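Coordinate-derived values only; no laboratory data. In this text the structure is predicted, and so the values were computed from the model without any measurement. FYI the Cβ positions are ideal-geometry reconstructions off the backbone, even for glycines, and counts take in every protein chain you see.
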Amino acid sequence: MLPRLRPLLKDDTVVVPAINGLPWWYFYREAGPYEGRSVRTLDADGTMFAELDSATSSAASCTPPARCARPARCTIPAAAG
């Protein structure tokens, strides 16, 4: 997906990915030992961190109201109405 997005991104483009959990750029400009690093479980080779400007990134968190009976056994209740 990233190679297809690259031609659409300009210097002033704001990227707002809808993600479930932490964004890959969580440590961007965060003082401490992880400053400037991507979250490896989300961006294993650092491609998104390198290709998408963290200074113009934001995030929309998408967290469904899931019920988990045990690990890897989650259900999402049907929406009312």
State, to one decimal in nm, how far the label point of residue 74 lies from the label point of residue 31, with both points 7 Å from Cα in the Cβ direction.
3.4
Placing +1 on each Lys and Arg Cβ and -1 on each Asp and Glu Cβ in the range 2-75, then taking the dipole about the Cα centre, the residue among 68, 50, 23 whose Cα reaches farthest towards the positive end is 68
For residue 28, net neighbour charge (Lys/Arg +1, Asp/Glu -1) across residues whose Cβ lies under 14 Å away:
-3
Give me log10 I(q)/I(0) at q = 0.22 Å⁻¹ for the chain, Debye formula, one equal scatterer per alpha-carbon, no solvent.
-1.05
Ranked by GNM mean-square fluctuation in the chain (Cα springs under 10 Å), the top entry among 40, 67, 29 is 67
Taking the Cα centre of the chain as origin, sum charge times position over the Cβ atoms of Lys and Arg (+1) and Asp and Glu (-1), and report the length of that vector in debye to the nearest 20.
520
